[in-house]
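Written out below as structure tokens is the structure these notes cover.
The values are calculated or read from the model by the stated rules, or taken from the named source; none is laboratory data. Owing to the predicted nature of the structure, the values given are computational and were not obtained by experimental measurement. Don't worry about glycine lacking a Cβ; one is built from the backbone with ideal geometry, like all the others, and counts go over all protein chains shown.
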Amino acid sequence: MATTIRRAAVLGAGLMGSQIAALLASCGLEVLLLDIVPDSLTPEEQRRGLTLSDPRVRSRLATQAVERLRRMKPPPLFTAEAADRITPGNLEDDLPRLREADWVLEAVVEDLGVKQDLWRRVAPHVQPGTVLSSNTSGLSIAAQAEALPAELRPHFLGTHFFNPPRYLKLLEVIPTPDTDPEVVSFVRSFATRVLGKGVVIARDTPNFIANRIGTYGLAVTLRAMARFGLGVDEVDAITGPAMGRPKSATFRTLDLVGLDVFAHVARNTRARVADPAERDALELPPYIEEMLRRGWTGDKAGQGFFKKVKGASGESEILALDLQTLEYRPRKKVRFASLDQARNVADPGARLRALVSAGDPAGRFAWEVLRDVLAFCAARLDEIAGGDVAAVDRAMRWGFGWELGPFEAWEALGVRETVVRMEAEGVQVPDWVREKDRFYPPGPRADGPLSFTVQKADPTRVVKAWPGATLVDLGDEVLGLELHGPKQAIGQDYVAAVRFAAGEVLRNWRGLVISAEAPNFSVGANLVLILMAAQDEDWDEIDQAVREFQSANMTLRYLPRPVVVAPYGMTLGGGAEIAFHADRVVAAAELYMGLVEVGVGLIPAGGGTKEMAVRMTRQVPRVQSQLPGPVDAQPFVNRAFEAIATARVSGSAAEAAQLGYLRATDRIVMNRDLLLAEAKAEVLALDRAGYVPPAPERIPVLGPDGRAVLELGIYTLRNAGQATEHDAKVARKIAHVLTGGDLPAGTLVDEQYLLDLEREAFLSLCGEPLSQARMAHLLQTGRPLRN
């Protein structure tokens, strides 16, 4: 059996196959992507004089798929360069190359006969011990295995990725009775560590776990909708965040997925399940059959349950489909008292309780949909998940974006109380549920091996707490600083926590980890407080706040114990500046990092502008050592200027490294659930290696001549109409700091000098009415203002 996977082959270059190839390549694997051989030439191929025997024609479908990956939005690749690790080919000429693969993954059309035929053709070309898997969304894995010789079956299993593979966490792994348990364990570990997946082991039943429950849930929603006489916009208002589900709710989700895809899954399930009640529930309503006949399959067709049109004023308008007339109408403003109440409840369990206990139509509708899904999950638990409630909950959270899985939601509502209500309404509940008070042991749970939430459940592990930050004992003499509060905005609590931690770490700890557990690491400084102080012309308050933030970050830089920051998700402005000052960054692969202050008419002033100057200047001697002649520092500073002046945000941690936000010594962790544990391990490794803090640096500046180069670019953009006058003013402030102000070229300055320039520029811009207008507009609308 393979002990690692370095080369993979993906069979099928359609939407799913190509995106799986993109994920594998982004994770560092070499990927062979194969598809069928075309049976005709395109007009372009005819014009070029190519023939059907030309290799470029024979591998055209896979080649085109790779090119599509480079253009797709949202990007399926972590960086455009990752596509270079994908080699296109075809399923006739390139099957012998499968001998080089450690993993062969099938992702062709959802037809059992086609898949079985492909496996028969593949079998002679793979090495013993190669992992073989199918990405089917619901066809029998065991039936596919019948096409393989007996010696290959122990290494064959299902690996069902969810679409899009890069962004959806769930991977269902489905063994057959012949699959070697060690292969299951290896694939689970590899997918978790290397691919960043949340792995759930599913039984080989129709559509496995998530699609089986999700399809049933959609079906009962459609039936309840008819009983309550609700429209598509009303149902989406109820079945979205109010129920702990994504904003796309029911019908927006169907438009995104494709009504044809939903219908295929529903029919496939209906044909294969034994329970008559489940089959009845999955019968498609007549309006769906008619929509399919008309081709109204959702976004890919331009219309489905919703349709975007140009209104009379020329503005885009979204219409909703009336399911009685199949005509589009303006969307309703949905108002139910229960939804208004639920909207103000942050905790998903409490929000769900408030909604389903309400007596208005929205509350009763939500209850009936949830009730039927809970009863279904309880009845099918052993069949689809071997009795593992956590597998079901994780599948729905990771695959469908639910805040709470079915059994977590049931527990939040109260198991016994809910069972009483269900049985009073004639809903049958399995005996195993009737005997329970809860499904999990008391206390918080986490998907990863280490979390702030679980650690804080033990009060003795909370070292000190503020409203916006908490110091937590992470074990093994490692201290954790958790950022929390509204969007983890950086303010006085962060400064106070760093000050306290600096002394505390020296006395009692081996190092410090800084991270968070909210959806994003930090969106930056507390803009409300900055704007209020600027409008009050309280310049001393702003100056003091910026000084303290700079000082806190520099404390991290020179603390005599290792400091590791573990960012993820949106890490913007001040959040990025915190990471910039760590000894190491252990970043999640999905990292959207950038210095975005120009969007509100300011510049980075928590050490971000300074640090970009330092980092880019630091590259000059490294490059110089590899070249015979002198190296000009200007292009390196230009890169820093461009990143800041355009508010460039990375699309991944790998791209953050390309932009200079991460260093070569920083690490990328594919699975965010492992992030805190990996950051702690990095602290311990630095400590064991005899950590010594860095020596203060002196940086040569470019001076006025270097600034003139940057200002020429600003002038050109302004004249071309690509920048407003205020954009240019902000950009000139950035150029002033990056090039060292008015000092002559080559002057060596310390970091504090650049920090002072940062702060002066920031204060100056806070006094600009146009910057204040940008701040106010962003706070009011959530969108940047160009003025």
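Structural remarks
- For beta carbons closer than 6 Å, sequence separation of 6+ or different chains, a first residue in segment 516-534 that is outside the structural domain of His484 (by TED's automatic domain parsing) and a second that is buried (at least 19 other Cβ atoms within 10 Å of the Cβ) and not β-branched (Val, Ile, Thr), there are no qualifying pairs.
- Considered as a group, the residues in segment 298-325 that are more than 16 Å from Glu234 (Cα to Cα) and of a type in the set (A, V, I, L, M, F, W, C) include one that is modelled with the highest pLDDT, and that residue is Ala301.
The rows are residues; the columns are (1) assigned by TED's automatic domain parsing to the domain that holds Glu577; (2) crowded, with 23+ Cβ neighbours inside 10 Å; (3) within 23 Å of the chain's Cα centre (by Cα); (4) under 19 Å from Pro562 (Cα atoms).
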| site | (1), (2), (3), (4) |
| --- | --- |
| Pro635 | yes, no, no, no |
| Asn638 | yes, no, no, no |
| Glu642 | yes, no, no, no |
| Ala645 | yes, yes, no, no |
| Arg648 | yes, no, yes, no |
| Leu674 | yes, no, yes, no |
| Val683 | yes, yes, no, yes |
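- For segment 333-365, the candidate set comprises residues that are in a loop (DSSP other than H, G, I, E, B), within 31 Å of the chain's Cα centre (by Cα) and not β-branched (Val, Ile, Thr); within that set, the residue that is nearest to Lys310 (Cα to Cα) is Lys333.
- Scanning segment 428-455 for residues that are without any contact (Cβ under 8 Å) to a residue 24 or more places away in the chain and either in a helix (DSSP H, G or I) or surrounded by 11 or more Cβ atoms within 10 Å (Cβ to Cβ) (or both) yields Asp431, Arg434, Lys436, Pro444, Arg445, Val454.
Okay, residues lined up against (1) within 38 Å of the chain's Cα centre (by Cα); (2) in a helix (DSSP H, G or I); (3) modelled with pLDDT of 95 or more:
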| site | (1), (2), (3) |
| --- | --- |
| Gln722 | yes, no, no |
| Asp727 | yes, yes, yes |
| Lys733 | yes, yes, yes |
| Pro744 | no, no, yes |
| Leu754 | yes, yes, yes |
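- Against the list (1) closer than 30 Å to Lys197 by Cβ; (2) surrounded by 16 or more Cβ atoms within 10 Å (Cβ to Cβ), the condition Ser771 fails is (1).
- Every residue from segment 640-659 that is over 24 Å from Arg718 (Cα atoms) and outside any loop (DSSP other than H, G, I, E, B): Ala653, Ala654, Glu655, Ala656, Ala657, Gln658
Rundown of residues vs (1) aliphatic (A, V, I, L, M); (2) crowded, with 23+ Cβ neighbours inside 10 Å, yes/no style:
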| residue | (1), (2) |
| --- | --- |
| Arg120 | no, no |
| Glu146 | no, no |
| Glu182 | no, no |
| Val187 | yes, yes |
| Ala202 | yes, yes |
| Pro206 | no, no |
| Arg212 | no, yes |
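- Taking segment 603-627 as the range and being assigned to a loop (DSSP other than H, G, I, E, B) and either free of Cβ contacts under 8 Å to residues at least 40 places away in the same chain or outside the structural domain of Leu556 (by TED's automatic domain parsing) (or both) as the test, the residues that pass are Ser625, Gln626, Leu627.
- Criterion (surrounded by fewer than 21 Cβ atoms within 10 Å (Cβ to Cβ), touching a Lys or Arg at 6+ places or on another chain (Cβ under 7 Å) and on the phi < 0 side of the Ramachandran plot) met by exactly one of Glu67, Glu30, Glu81: Glu30
- Segment 756-772: number of residues that are over 30 Å from Pro694 (Cα atoms), touching a residue at least 40 places away in the same chain (Cβ under 8 Å) and assigned to a helix (DSSP H, G or I): 5
- Selection count where residues are farther than 21 Å from Asp117 by Cα and not aliphatic (A, V, I, L, M), scope segment 133-176: 9
- Of all residues making up segment 583-602, the number that are assigned to a helix (DSSP H, G or I) and surrounded by fewer than 24 Cβ atoms within 10 Å (Cβ to Cβ): 2
- The single condition among (1) under 28 Å from the mean Cα position of the chain (by Cα); (2) hydrophobic (A, V, I, L, M, F, W, C); (3) over 30 Å from Leu24 (Cα atoms) that Met670 does not meet is (3).
- Verdict on Pro630 being in contact (Cβ under 8 Å) with a residue 40 or more places away in the chain and either polar (S, T, N, Q) or surrounded by fewer than 24 Cβ atoms within 10 Å (Cβ to Cβ) (or both): no
- Test: residue in segment 284-302 that is in contact with a strand residue (DSSP E or B) (Cβ under 8 Å, 6 or more places away or on another chain) and of a type in the set (Val, Ile, Thr): no
- When segment 310-359 is filtered for residues that are touching a residue at least 24 places away in the same chain (Cβ under 8 Å) and in contact with a Ser or Thr (Cβ under 8 Å, 6 or more places away or on another chain), only Leu355 remains.
- Close pairs (7 angstrom Cβ cut-off, 6 or more residues apart or separate chains): touching a residue at least 60 places away in the same chain (Cβ under 8 Å) in segment 146-157, assigned to a strand (DSSP E or B) anywhere: His155/Val131; His155/Leu132
- In this entry, Val564 passes the filter for residues that are crowded, with 24+ Cβ neighbours inside 10 Å, assigned by TED's automatic domain parsing to the domain that holds Ala489 and over 16 Å from Gln488 (Cα atoms).
- If only residues of segment 467-495 that are assigned to a helix (DSSP H, G or I), surrounded by fewer than 24 Cβ atoms within 10 Å (Cβ to Cβ) and not aliphatic (A, V, I, L, M) are counted, the one that is modelled with the lowest pLDDT is Lys487.
- Residues satisfying the stated conditions in segment 713-725, i.e. surrounded by 10 or more Cβ atoms within 10 Å (Cβ to Cβ) and either within 21 Å of Ala640 (Cβ to Cβ) or touching a Phe, Trp or Tyr at 6+ places or on another chain (Cβ under 9 Å) (or both): Gly713, Ile714, Tyr715, Thr716, Leu717, Arg718, Ala723
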